[in-house]
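Peer 1: Let me begin by handing over the structure; questions about it come next.
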Amino acid sequence: MPALPPEQLARIEENRAKARERLAARAEAKAQEAANRDAESATSGPSGNELNLRDASRKRPYDSIKPAKKFTNYIEYDLSKIKDSKGGFMPDDDTNQLPEGMTLEEWKKKQQRIVIEPQRAINPDDNPKCFECQSVDIDFELFKVFKCRVCRACKAKFPEKYSLLTKTECREDYLLTDPELRDDELMPHLERPNPHKTTYNNMMLYLRYQVEEFAFKKWGGAEGLDKEFERRVALRKEKKDRKFADKLKEMRKRTRTETWNKRLDRLEHRHTWGPETRLPNKGVSMRKCTECGIETEEIIF
């Protein structure tokens with residue numbers, strides 16, 4: 001590497017000396033500033049508000065940053081009231097989220113649809129018993145709605161008596177009408193949310209043996225119900241056959257008319273005129289076609 005000229009080496013040394021002087025002056029200024037700050041804090045001391053603001057600015061440096069407008073609608077939770085319930089974090093004070101005028105227990109009953117079983121009497125003879133097995137462990141939901149004393153085991157054992165029917169099944173299988181099914185005193189029913197869609201009306205469920213008793217009383221037993229069912233089936237079939245016959249008759253008529261019109265369009269008619277008849281004192285003669293019956297008038301000059 002070639003040696004630098006003496007003038008350039010002297011300039012480099014001069015620049016290094018100036019840089020060292022600037023660094024020394026900067027360090028001295030920082031030390032003086034720190035000494036003045038310590039002396040000021042020792043004599044007067046900072047106020048509590050200044051300390052709080054200083055600590056807040058150190059802890060939360062992004063307070064000046066504001067979110068966009070579309071992100072301003074958010075929920076801020078109080079983390080001091082959060083507890084681990086092993087199924088998600090829930091606030092301790094649940095009553096703040098309840099509807100107005102409703103307690104927490106009432107809200108839970110409404111959400112879970114709990115059937116509260118009444119307390120059993122001390123005397124076993126005073127407790128309601130199952131129709132089938134005389135057990136006191138009856139289904140209180142059926143007892144409350146349908147006044148039916150049956151235990152859960154017998155309910156599953158005899159589905160032909162204690163199963164629930166929908167409104168459509170009662171109307172189609174037992175030939176009951178809507179006014180009869182909507183009468184709570186005549187036909188008690190149990191409402192359940194519609195499983196097909198939440199926006200539909202609630203399902204109306206009926207107890208099978210009560211529906212059968214009412215239907216047999218209305219139609220005169222099982223034989224009367226079968227006869228009425230057969231009569232309605234025959235009437236429905238007759239109505240369907242009559243509708244089909246009317247449509248077939250209309251189709252034949254339309255086909256015959258179209259065939260006749262096509263035949264008329266295809267054949268050319270030539271008139272066969274009969275004898276000429278003159279009208280007296282009018283100077284007019286008339287002729288008539290012997291096939292189609294059309295008449296013409298001709299003026300005689």
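The values are calculated or read from the model by the stated rules, or taken from the named source; none is laboratory data. Please read these numbers as outputs of a predicted model, since none were measured by experiment. Glycine gets a Cβ as well: all are built from the backbone with ideal geometry, and neighbour counts include every protein chain shown. The protein model used for the area step is the full one, side chains on, heavy atoms only, and it has no ligands, DNA or RNA in it. Shrake-Rupley method; radii C 1.70, N 1.55, O 1.52, S 1.80 Å.
Peer 1: Report every pair of residues separated by at least 6 positions or lying on different chains whose Cβ atoms are under 6 Å apart, first residue within the stretch 286-301 and at pLDDT below 80, second assigned to a loop (DSSP other than H, G, I, E, B) and surrounded by 11 or more Cβ atoms within 10 Å (Cβ to Cβ).
Peer 2: Hits for this filter: Ile300/Gly283.
Peer 1: Within the stretch 202-213, how many residues are out of contact with any strand residue (DSSP E or B) (no Cβ under 6 Å at 6 or more places or on another chain) and open to solvent by 40 Å² or more (accessible area, probe 1.4 Å)?
Peer 2: Matching residues across the stretch 202-213 total 3.
Peer 1: Can you tell me which condition Arg113 does not meet? The list is (1) open to solvent by 90 Å² or more (accessible area, probe 1.4 Å); (2) modelled with pLDDT of 90 or more; (3) within 17 Å of His189 (Cβ to Cβ), and all the others hold.
Peer 2: It fails just one condition, (2).
Peer 1: In the stretch 216-247, what residues are free of Cβ contacts under 8 Å to residues at least 24 places away in the same chain, open to solvent by less than 100 Å² (accessible area, probe 1.4 Å), part of a helix (DSSP H, G or I) and closer than 25 Å to Met187 by Cα?
Peer 2: Phe216, Gly221, Ala222, Gly224, Asp226
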